[in-house]
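The structure appears below as C-alpha cells.
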Amino acid sequence: MKKLTIKLRITLWFSIMMILLYAVIFVFITFVSNSTASRDNQGILANLVDNNVEEIDYDDGALEVDDDFIAFRDGVYCLVYYESGEKYIGNTPIQELDELDEVPFENGNVRSVTVEGESYLIYDRLVVFKHHPDVWVRGIVKEYKGAVTSQTVYQAVLITFPILILLAAVGGYFIAKRSLQPIQKICETADVIGKSGDLSKRIEMEGNTDELHQLAAAFNHMFDRLQANFEAERNFTSDASHELRTPVATILAQCEYAFENAKGEEELYESIGAIQKQGYRMSHIIESLLQFTRIEQKTEMASFENLDLSELVKIICREHREEMVRDISLEEQIEPGIKMKADRDMISRLLFNLLQNAVRYGREGGYIKVSLRDNKAEIILSVADNGIGIAEGEMSKIWNRFYRVDQSRSSSNGLGLGLGLAMVRQIAQIHGGRVRVESEPEKGSVFKVTFPR
Ligand code: ADP
C-alpha cells in the first residue's frame, strides 16, 4: 500500500468503499423485496380464500358454491374439497399432478411446500356446517413472485454495479490526478530551483482556488520573499564592497605615490595624513555596516523594556545640542511621561539618525524641531527641519539601503552611507510602527515616526 501513489490509494479506497456500499444495499434490497413480496403473497392468498369461504353452502343436502366464488385471481388458485379430501372444484397450478391436492390440510396456516422443485404457498380453511359434512377451502399460490422481484433487482444490480464501480474508479482516478497536479508542479519547481539555483522560477497555476492551489500560491509567495531577500543580500554585499573600494583605492594610490614620488618628510606626512583619513572613512563604513546588520538581526530578539520615551528624547536632544557643530537651533516640544515598550538602543539610534540628517541637510542659521506626543491611538515622534528638502521623485527611494540623493556629494565629503533611513524604517517596523516623510525642496522636511498604542 505504501508503494502506491496517493492517486491510486484514494481511488482504491473509494472503489472498495463503493463495492461495500453496493453489497450492503444489494443485501438490503433483496431482503426487503423478498419479505415484502412474501407478505403481499400471503395477504392475497389468505384474502381470496377467506372471501371464498363465504360463498360455500349446502342446498338441499348438496354442496354448492356461489357464483361469486373466485377460482383464480392474482396468481392464487382456490379449490374446494370434501371433508374426505376429495376435490369438489378447482385446479391447482400443476394440473397434471395431484401432489398439491394431497398436501395434508391445516386450518388457517399459511405454509410453503415444494413440488417438482417449485415452491408454493398453501392456505387452508375448514368450513364447518352444523348438519352437513365440513368442507376444506384451499388456496395455492406460486412462491416465485417475490423471488422474481429479487431476481430482477439482482440482475439489474449485477449489470449496473460493475459499470458504476468502473465509472467511479476511473472518474475518481482522473479527479485525484487533476487535483494533485499542483503537487507535481511544486515538486518540479522546487527541483529546478534546487538544481539551478534560479529563484525566479514559479509554480504555474490555472485559476483554481482549492487547497493545493493555495499551497502552491503560498510557495510562490515564499519564493518571492526568498528572492527579494536573496537579492537584497546580494545588493548589500556588492554595495558594501563598492563603498570600501574607494578608500582602499585611495590608500593604495597614496602608498604608491609616497614610495615613488614623495620627496622629503613633509610630502610623506601629507601622504600618511591622506591614508589616515581614508582609514577613518573605512572604519566609519565598517562601523555603520555592523550597526545596520545588528539592527537587522535584532528583528527577532529586540530587548523591549517599559521605556520612558519622553525622557529618552530629551536626553538625546540635549546631547545633540551640545555636540552641534553647525549654527542650527534645536527646539523641543515633548509631552512628558510618554511610555512605551521599546528597545532603548534602537530608539536612540532612530532619533540619532533623524537628527543627524536634519543637521547634515539643514540650513546654516536654520532650525530643527523635535516633537513627541501621544494622541491615545498612537505615539508620534517627529523631526522637522528647514533645510534643503527632498525632491518628490526621491522620496520613495531614500529608504533603500545605500541610497543617497546626491551620491557624489555624500561619499566624497564623508557624509552618510545611505543606511541611516533604512535603519530608521527597520527600527520603526520592529516596534510595530511606521515612518513617513513630507518634504519640499529648499523648504525643509518633516520625518514622522508613529508607534501604535
Ligand atoms: P545618509 O547616510 O546619506 O544620510 P540616509 O539613509 O540617512 O543616508 O538618507 C538617505 C538620503 O535621504 C540622503 O542621502 C539625503 O539625500 C536624504 N535625506 C535624509 N534626510 C534628509 C533631510 N532631513 N533633508 C533632506 N534630505 C534628507
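Every number here is computed from the coordinates shown, using simple stated rules; none is lab data. Remember, it's a predicted structure, so these values are computed and weren't measured experimentally. Cβ: placed from backbone, ideal geometry, glycine included. Neighbour counts: every protein chain shown.
Brief remarks on what is shown
- Anisotropy class of the stretch 199-305 from Cα gyration tensor, a/c 1.5 cut: oblate
- Across Lys87/Lys130; Lys277/Lys339; Lys341/Lys369; Lys201/Lys397; Lys277/Lys341; Lys7/Lys201, pairs whose alpha-carbon gap is larger than 31 Å: Lys277/Lys339; Lys277/Lys341
- Label zone of Glu86 (point 7 Å out along Cα→Cβ, amide N under 13 Å): in the stretch 42-72 this covers 63.
- Whole-Å semi-axes of the chain's equivalent ellipsoid (Cα gyration tensor): 110, 29, 15
- Stretched out straight at 0.36 nm per residue, the stretch from Glu188 to Leu167 would grow longer than its current Cα-Cα span by 4.5 nm.
- Each residue of the stretch 201-206 was assigned a 3J(HN,Hα) from its phi angle through the Karplus expression (A = 6.51, B = -1.76, C = 1.60, θ = phi - 60°), giving 5, 10, 7, 6, 9, 8 Hz with x at Gly and Pro.
- Fraction of the pair-distance distribution of the stretch 352-407 above 15 Å, Cα-Cα pairs, percent: 59
- Angle between the chain longest axis and helix 344-360 axis [Cα atoms, degrees, rounded to 10]: 50
- Extension gain (nm, one decimal) between Lys263 and Lys376, 0.36 nm per residue minus Cα-Cα: 33.8 nm
- Long-range HN-HN contacts of Lys339 with modeled amide H, under 5 Å: Leu309
- In the chain, the DSSP-assigned H stretches of four residues or longer account for a calculated mean residue ellipticity at 222 nm of -18500 deg cm²/dmol, using -39500 (n - 2.57) per stretch and the full residue count as denominator.
- Here r is the Cβ-Cβ distance between Asn109 and Leu4 and R0 is 60 Å; the resulting FRET efficiency, rounded to 0.05, is 0.55.
- Computed from backbone phi, the HN-Hα couplings of the stretch 271-281 come to 5, 4, x, 5, 5, 4, 4, 5, x, 4, 4 Hz, rounded to whole numbers (Karplus: 6.51 cos²θ - 1.76 cosθ + 1.60, θ = phi - 60°; Gly and Pro given as x).
- Remark on Leu419: its backbone amide H falls under 5 Å from those of Phe402, a criterion applied only to residues 5 or more positions apart or on other chains, H modelled at 1.01 Å from N.
- With R₀ set to 45 Å, the beta-carbon distance separating Gln291 from Lys177 gives a calculated FRET efficiency near 0.25.
- Helix 420-430 vs. the chain, principal-axis angle (Cα, 0 to 90°, nearest 10): 40
- Rounded to 10°, Cα long-axis angle of helix 144-179 versus longest principal axis of the chain: 10
- Rounded to two decimals, the Cα radius of gyration of the stretch 248-327 over 2.2 N^0.38 Å is 1.79.
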